[in-house]
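Trainee: Have a look at the structure that comes next, please.
The values are calculated or read from the model by the stated rules, or taken from the named source; none is laboratory data. Values in this document were obtained by computation on a predicted structure and should not be read as measured data. Cβ sites come from the backbone with ideal geometry, for glycine too, and all protein chains shown count toward neighbours.
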Amino acid sequence: MKSKFTMIVPAMVCLLTIVPFSGGKDVRAAEVTNLVQSGDSESEVSVSWNGILGETKYEVEISEDGNNWVKKTASSNSCKIDHLNSATNYLVRVKGKNQTSYCNPIQVRTACGRVKQVTQTDATTSSVTISWDKVEGANQYNIIKFVDNQEVVIKEVPGTSTTAEIGGYDNKVGFPHSIYVKAVYVMPTGYVAGNRQLSELAPCLKSYDAALVPGKLETPKVVRYYSALKSAWVETTQVEYGSGVEYELYTVNNKKVSSGNLNWGGTKLYYATLGGIDAESFYKVRVRTHSNVGETAKWGEWSDWTYLANGPRKISVKRKKNTVKVSWKKCKGATSYTIFASTKEKSGFKKVGSTKKNSIVIKKIGKKKIKKSKKYYFYVVSNYKKDNVTYKSGNGNTIVSNKK
């Protein structure tokens, strides 16, 4: 008994230097420290603290008004308190089972509700604008994405706003990630209530639903001309985020001829046969595409113009000795004409001359002079030069020069 007493005395002396005895009972003077909020949900908060050496039980009290406290017992240095109201501040204090006083209370908060819907409302070539429903009790919205399953905060939006523009995207590639919105409450301590995990988040703007304004389509290509039908087949290739293609056809003098939609030809190909293209004028055509943001079409930039015309149809030839004079009706906008000739009706054509006029005298085909005894075939191509680029019409009608 004596040896046991000598072991206790040093501890008692240590305590006496801090607090007095009360009725001969050992009252510990140590206090819970570093009490912090460690988790939350809409009906729960979790707290943790630095434990007291030798203490096995703790009393945790919570209060909404600081006057009426509800007690809970914890057997470790953490505690989850449930059956609480959402988006509500509470005070929490803790003491060891054998302590006489609680530590200073801290303010904790339950999570507010979740964002129920995220909608894209606008777009540019490099950004999307989103909106969401207001969540009561939130003082901040965190716009987030997940990269390799790791959360990345893209933007922090004040709780007074329910819209945000997010930039830095490239409309040449697919949208890289889904966009989530967290309704949170940032405490004065820096603790963020409502900071849910991915599995707890509400619907988001999925990457495959997000849209940017598409880029500029390539200049349409003239694949073939239909001279007799006064038409031409044009094609273009779709770009990322594009949905449908429209065209505008004008004369070179900026008189509108027609507009409409190109047809989908599979994969990214779009095409159309454009009518109203005769041999007496050059025309110009351009195309553009759009993405869809809700019910709104977000149009991309118009492509550069392609200039086109059917080749001259009204051609005449006149033979004189060892020459042939070829004449045709002028094409509006043409800056020059190129003449081709052959001794065969459907092949072997060679360039035999060019002119800015609407007639030319041909003396040779290649290195061979025109002969009276031979039959020759001719057609004319109209040229339009703009910004150092020469656009060529389709081949005009082939006309034959009979033997003389």
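For (1) of a type in the set (S, T, N, Q); (2) modelled with pLDDT of 95 or more, each residue gets a yes or a no:
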| residue | (1), (2) |
| --- | --- |
| 301 | no, yes |
| 313 | no, no |
| 342 | yes, no |
| 354 | yes, yes |
| 365 | no, no |
| 377 | no, no |
| 383 | yes, yes |
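Trainee: Next question, about the same structure. Residue 126 is checked against (1) more than 30 Å from residue 31 (Cβ to Cβ); (2) surrounded by 18 or more Cβ atoms within 10 Å (Cβ to Cβ); (3) not hydrophobic (A, V, I, L, M, F, W, C) and fails just one. What number does that condition carry?
Mentor: Unmet condition: (2).
Trainee: Checking the structure you have, find out if any residue of the stretch 55-68 is more than 26 Å from residue 138 (Cβ to Cβ), among the hydroxyl-bearing types (Ser, Thr, Tyr) and either assigned to a strand (DSSP E or B) or modelled with pLDDT of 95 or more (or both).
Mentor: Taking every residue of the stretch 55-68 in turn, at least one turns out to be more than 26 Å from residue 138 (Cβ to Cβ), among the hydroxyl-bearing types (Ser, Thr, Tyr) and either assigned to a strand (DSSP E or B) or modelled with pLDDT of 95 or more (or both).
Trainee: Condition check: within 21 Å of residue 392 (Cβ to Cβ) and surrounded by 14 or more Cβ atoms within 10 Å (Cβ to Cβ). Does residue 324 satisfy that?
Mentor: No: the conditions fail for residue 324.
Trainee: Anything in the stretch 193-235 that is part of a loop (DSSP other than H, G, I, E, B) and either basic (Lys, Arg) or surrounded by fewer than 13 Cβ atoms within 10 Å (Cβ to Cβ) (or both)? List them, or say none.
Mentor: The answer is 196, 197, 206, 208, 216, 230.
Trainee: Under 6 Å by Cβ, and 6 or more places apart or on different chains, what pairs join a residue from the stretch 169-184 that is under 16 Å from residue 242 (Cα atoms) with one that is of a type in the set (Ser, Thr, Tyr)?
Mentor: Partner pairs satisfying both residue conditions: 169/126; 171/125; 171/241; 175/207.
Trainee: Separate question: Considering only the stretch 130-145, I want to know if a residue exists there that is farther than 28 Å from residue 298 by Cα, among the small types (Gly, Ala, Ser), in a loop (DSSP other than H, G, I, E, B) and not assigned by TED's automatic domain parsing to the domain that holds residue 298.
Mentor: yes
Trainee: Also: Among the residues of the stretch 94-117 satisfying the criterion of being in contact with a Ser or Thr (Cβ under 8 Å, 6 or more places away or on another chain) and part of a strand (DSSP E or B), which is surrounded by the most Cβ atoms within 10 Å (Cβ to Cβ)?
Mentor: 109
Trainee: Which of the residues spanning the stretch 169-191 are over 9 Å from the mean Cα position of the chain (by Cα) and among the small types (Gly, Ala, Ser)?
Mentor: Within the stretch 169-191, 178, 183, 190 qualify.
Trainee: Quick one: in the stretch 329-372, of everything that is in a loop (DSSP other than H, G, I, E, B) and of a type in the set (A, V, I, L, M), which residue is farthest from the chain's Cα centre (by Cα)?
Mentor: Taking the stretch 329-372 and keeping what is in a loop (DSSP other than H, G, I, E, B), we get 329-331, 333-335, 343-349, 356-358, 363, 366-367, 370-372.
Among the residues that remain, those that are also of a type in the set (A, V, I, L, M) are: 334, 370.
On the way: 334: 42, 370: 64 Å.
Per the criteria, the residue is 370.
Trainee: Next question, about the same structure. For the stretch 375-404, give me each residue that is surrounded by 15 or more Cβ atoms within 10 Å (Cβ to Cβ), touching a residue at least 60 places away in the same chain (Cβ under 8 Å) and part of a loop (DSSP other than H, G, I, E, B). Show your work before the answer.
Mentor: Initial filter on the stretch 375-404 (surrounded by 15 or more Cβ atoms within 10 Å (Cβ to Cβ)): 376-384, 391-399, 401.
Next cut, touching a residue at least 60 places away in the same chain (Cβ under 8 Å) only: 378-382, 384, 391, 393-397, 399, 401.
Matches in the stretch 375-404: 393, 394, 395, 396, 397.
Trainee: Within the stretch 269-301, which residues are surrounded by 15 or more Cβ atoms within 10 Å (Cβ to Cβ) and assigned to a loop (DSSP other than H, G, I, E, B)?
Mentor: 277, 278, 279, 280, 282, 300
Trainee: Still on this structure: Out of all the residues in the stretch 83-127, which are without any contact (Cβ under 8 Å) to a residue 60 or more places away in the chain and farther than 19 Å from residue 67 by Cα?
Mentor: Passing the criteria: 86, 97.
Trainee: Would you please list the contacts, defined by Cβ atoms under 6 Å and residues six or more apart or on different chains, that run from a residue in the stretch 46-66 that is within 11 Å of residue 97 (Cβ to Cβ) to a residue that is charged (D, E, K, R) and in a loop (DSSP other than H, G, I, E, B)?
Mentor: 57/97
Trainee: Could you list, ordered by first residue, the pairs with Cβ atoms under 7 Å in which the first is in the stretch 155-166 and at pLDDT 95 or above and the second is among the small types (Gly, Ala, Ser), at least 6 apart or interchain?
Mentor: Hits for this filter: 155/164; 157/164; 159/138; 162/131; 163/131; 165/127; 166/127.
Trainee: Would a scan of the stretch 175-192 turn up a residue that is hydroxyl-bearing (Ser, Thr, Tyr) and assigned to a strand (DSSP E or B)? Step through it out loud before you land on a result.
Mentor: Residues of the stretch 175-192 that are hydroxyl-bearing (Ser, Thr, Tyr), as a first pass: 178, 180, 185, 189, 191.
Filter once more, so that each one left must be assigned to a strand (DSSP E or B): 180, 185.
Yes, the stretch 175-192 contains a residue that is hydroxyl-bearing (Ser, Thr, Tyr) and assigned to a strand (DSSP E or B).
Trainee: Among the residues of the stretch 351-366, count how many are of a type in the set (D, E, K, R) and closer than 21 Å to residue 320 by Cβ.
Mentor: Going through the stretch 351-366 one residue at a time, the tally reaches 3.
Trainee: Next question. Quick one: would you say residue 79 is farther than 15 Å from residue 195 by Cα, in contact (Cβ under 8 Å) with a residue 60 or more places away in the chain and either part of a loop (DSSP other than H, G, I, E, B) or not assigned by TED's automatic domain parsing to the domain that holds residue 292 (or both)?
Mentor: Answer is no for this residue.
Trainee: So, in the stretch 327-339, exactly how many residues are farther than 15 Å from residue 395 by Cβ and either in contact with a His (Cβ under 9 Å, 6 or more places away or on another chain) or not polar (S, T, N, Q) (or both)?
Mentor: Within the stretch 327-339, residues that are farther than 15 Å from residue 395 by Cβ and either in contact with a His (Cβ under 9 Å, 6 or more places away or on another chain) or not polar (S, T, N, Q) (or both) number 4.
Trainee: With respect to residue 148, is the statement that it is more than 30 Å from residue 56 (Cβ to Cβ) and in contact with a Lys or Arg (Cβ under 9 Å, 6 or more places away or on another chain) true? Please lay out each step first, then the result.
Mentor: Details: more than 30 Å from residue 56 (Cβ to Cβ): yes; in contact with a Lys or Arg (Cβ under 9 Å, 6 or more places away or on another chain): no.
So residue 148 fails the test.
Trainee: Across the stretch 236-268, what is the number of residues that are assigned to a loop (DSSP other than H, G, I, E, B), within 30 Å of residue 332 (Cβ to Cβ) and of a type in the set (Val, Ile, Thr)?
Mentor: 1
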